[in-house]
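These notes concern the structure reproduced below.
Please treat every number below as a calculation from the coordinates, not as lab data. Since we're looking at a predicted model, the values are computed, not measured. Neighbour counts are summed over all protein chains in view; Cβ atoms, including those assigned to glycine, are modelled from backbone coordinates with ideal geometry.
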Amino acid sequence: MNKNFKLVLVAATVASFAASAHTTTNALVDDSGAVVKNDFGQCVEVVNNEAKAECGGAAPQPKIVDVPFVIPANALFDTAKAVIRPKGRAQLAALAKNIKEAKQMGKIKQITGVKVVGHTDSRGSNAYNQGLSERRAASVRNFLVSQGIPANMITAFGEGEMNPVATNATPAGRQQNRRVNITVSGIQAKK
């Protein structure tokens, strides 16, 4: 019996230490006793020993969404050039303003990144088209930076003729393939 009592005592001690080591994640409370919530209406949580009924488990991670923009290359560039045309500058300036204000069609609350991808048609060598698509993407990136978009938020690269959206056998198809895709990523706005 004495041996069993010691085992029970040891088990109770271990359980007591385990319970005291476990902490609960709970809601942050302000000076008035109200639960503090973030911009998404979720409880701000801290580690302590007092639970708040109005806050469930861990807050869900914000959803990241992408808003794509496709700008035809002829709106931005002359044939075989990477210098942005005035009409293209106006389109990009409007886009930059929206990015800075994080109001992409009401879908994005906070911008997390901007991806710029240049494309060409299949006329010319692969190496030439790859270089042209990279120069065009870099021109768009540099313009967005000049409009106040932080450079560290923008990635720019070219895909040359690798991902056509139409046939390269017709002038109309080639025109569709000469484009710059801009994807703005960010935290989804509340609905």
Legend entry - Packing rank of 143-156, 163-176, where each peptide gets the mean count of other beta carbons within 10 Å, highest leading: 143-156, 163-176
Inset, instruction - Evaluate region 101-173: find the radius of gyration of its Cα atoms, find its Kirkwood radius, and give the ratio Rg to Rh. - result: 1.09
Legend entry - Over 24 Å between alpha carbons, listed pairs Lys63/Lys100; Lys81/Lys109; Lys37/Lys63; Lys87/Lys109: Lys81/Lys109; Lys87/Lys109
Legend entry - Spin-label model distance (nm) - Ala172 vs Asp66, 7 Å beyond Cα toward Cβ: 2.8
Inset, instruction - Once you have a ≥ b ≥ c as the square roots of the Cα gyration tensor eigenvalues for region 64-188, tell me rounded if a/c is under 1.5, and otherwise prolate or oblate according to whether a/b is larger than b/c. - result: prolate
